[in-house]
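Accompanying notes for the structure given below.
Since every read-out is calculated from the coordinates, none of them should be taken as a lab result. Model, not experiment: these values are computed from the prediction. Every residue, glycine among them, receives a Cβ derived from its backbone with ideal geometry; neighbour counts consider all protein chains shown.
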Amino acid sequence: MKLSTRALSMQPSATLAMDALTNQMIRQGIDVVNLTVGQPDFDTPINVKEAAIEAIQSGFTKYTPASGIPELKEAICRRFAEDCGLKYTPQEVVICVGAKHALYNIFQVLLDEGDEVIVPAPYWVSYLEQIRLAGGTPVVIDGPEQQGFKVTADQIRQAISPRTKALILNSPANPTGAIYTRAELEEIAEVVVARQIPVISDEIYEPFNYTGESHVSIAQINQDMKALTLIVHGVSKSYSMTGWRIGYVLGNADVIKAIGSLQSHSTSNPTSIAQKAALEALQGPQDSVDKMVSEFAARREHLVSGLNSLPHIHCSMAQGAFYAFPRIDSVFGKRYKGQLIDSSAKFSELLLTEARVALVPGTAFGAEGYVRISYATSLERIQTGLERIGDFLQQID
């Protein structure tokens, strides 16, 4: 059976592919330290699970509105008004099957063939594929480490063309943990408002901010910028609910309505039970979030300091999310047991097969010479991983 050109052009998610290979090795009885996927190792809070059980027992197991249940939309509006002073109506909110689905939907309803989307690199692995699947063209601009893995307003200005349809901002960022300051966002807002460029603001890692400063969304800069912003968020990371698949978009009511219509033909609706669980997550106690953020902060310190004590590695301290993004290109041209290391992919392959540590090569994120390490695992496993990486590096010549 012949596949479509669209299907043939797709590349699988590098993070999920590496995680699948790792789990296959684990099922074979191999002890692998898995530092690949951005999935908190904490359990979903008990009150959230109980809300889902109650939904099942009360028979809340039928179709819901395609764009999500009204009470969940209202809870999201309340949270944004209370947390950052952003006022939205339920007509400006759509519930999706995870934040990844929310992003996919945005590109599907915004882009026509050949439209351009400006994507800062390093970038999350699925942005480029989703843009292309919608017929768009990613325009990648580099945010180098000396800029804190962030792009400048001037870089964005230079990347804008007559075909530019949107800009993606991800803060806190996957894979680098970079966070844009209010001043940086103000400069970017000045550029995009002047050219009326919509901003897709991916804020899924919003609670994971270790700077001591409050999270700032670009939608908070001014009303003109808010009108151009589509905020993508969800419960997957904040409440350790990755498998529940609930994300959402806040923004322009016409875009929100279009996403709801698209979902009516694709998913029908986000899972009814998961929506009730998400409602409890948002309006229930938040102590589980605080505990998780505190633990991640400790892991971050341990991992980054440990990496910087190893030969051939330099790692900046991440400001947010739960990833380290160390530079490893000083090993390029060297050999491990006779095997040439000439890329982050080869480095990651050897580290997995020889040292039993799984991470993701930087090429997946548009940043050759780096690797992404998730510290969404225990300190014990992080330490084991550091020791194995250290032993591996000692054998490179």
Requested in this report: Return the long-range amide H neighbours of Tyr248 (sequence gap of 5 or more, or a different chain), with a cut-off of under 5 Å between placed amide H atoms.
Outcome: Cys96, His233, Gly234
Query raised in the report: What is the order of Tyr375, Tyr104, fewest Cβ neighbours within 10 Å to most?
Result: Tyr104, Tyr375
Report task. Using only Cα atoms, locate the centre of segment 104-123 and the centre of segment 333-357, then give the distance between them in Å, rounded to an integer. Result -> 34 Å
Query raised in the report: How do His101, His314, His215 rank when sorted from fewest to most other Cβ atoms within 10 Å of their own Cβ?
Result: His314, His215, His101
Query raised in the report: With springs only between Cα atoms under 10 Å, which of Gln275, Gln147, Gln220 fluctuates most in a Gaussian network model of the chain?
Result: Gln147
Report summary line: Of Pro70, Pro40, Pro172, the most mobile residue in a GNM of the chain (C-alpha springs, cutoff 10 Å) is Pro70
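Dipole magnitude of the chain about its Cα centre, charges +1 at Lys/Arg Cβ and -1 at Asp/Glu Cβ only, in debye to the nearest 20?
The dipole magnitude comes to about 840 debye.
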Query raised in the report: Each residue of segment 386-393 in turn: what ³J(HN,Hα) in whole Hz from Karplus with 6.51, -1.76, 1.60 and θ = phi - 60°, glycine and Pro shown as x?
Result: 4, 5, 5, 4, x, 4, 5, 5
**Report entry** Top of Asn170, Asn222, Asn105 by mean-square fluctuation, Gaussian network on the chain, Cα under 10 Å
**Finding:** Asn222
**Report entry** Whether segment 12-83 is rounded, prolate or oblate, judged on the alpha carbon gyration tensor where a/c under 1.5 counts as rounded
**Finding:** prolate
Query raised in the report: Which whole-Hz couplings ³J(HN,Hα) result when phi for each residue of segment 94-104 is put into the Karplus expression 6.51 cos²θ - 1.76 cosθ + 1.60, θ = phi - 60°, listed in order with x for Gly and Pro?
Result: 10, 9, 10, 8, x, 5, 4, 5, 4, 5, 4
Query raised in the report: Classify segment 46-283: rounded, prolate or oblate, from the alpha-carbon gyration tensor (a ≥ b ≥ c, eigenvalue square roots; a/c under 1.5 rounded; otherwise prolate if a/b is larger than b/c)?
Result: prolate
Query raised in the report: For segment 46-283, what's the relative contact order in percent, using C-alpha pairs closer than 8 Å and at least 6 residues apart?
Result: 31 percent
**Report entry** Pair Asn47, Asp31: separation of 7 Å Cα→Cβ label points (nm)
**Finding:** 3.9 nm
Report summary line: Dividing the mean separation of Cα pairs under 8 Å (6+ apart) by the residue count of the chain yields a relative contact order in percent of 22 percent
Query raised in the report: Roughly what % antiparallel, to the nearest 5, for the DSSP beta bridges in segment 109-206?
Result: 0 percent
Requested in this report: List, in order, the whole-Hz ³J(HN,Hα) value for each residue of segment 43-55 obtained from phi through the Karplus relation with A = 6.51, B = -1.76, C = 1.60 and θ = phi - 60°; use x for Gly and Pro.
Outcome: 7, 4, x, 4, 5, 6, 5, 5, 5, 5, 4, 4, 4
Report task. At 20 °C and 1.002 mPa s, grab the translational diffusion coefficient of segment 260-372 from Stokes-Einstein with a Kirkwood Rh over Cα pairs, rounded to a whole number in µm² per second. Result -> 123 µm²/s
Report task. Would you pull out the residues with amide H under 5 Å of Val140's amide H, same chain only if 5 or more places away, H placed 1.01 Å from N? Result -> Val119
Report task. Let me know the shape class of segment 16-151, please: from the alpha-carbon gyration tensor, a ≥ b ≥ c as square roots of the eigenvalues, rounded when a/c is under 1.5, otherwise prolate if a/b is greater than b/c, or oblate. Result -> oblate
Report summary line: Note: Thr267 to Glu354 extended length (0.36 nm per residue) minus current alpha-carbon separation gives 27.1 nm
**Report entry** Mean-position separation - Cα centroids, segment 366-394 and segment 203-248, in angstrom
**Finding:** 27 Å
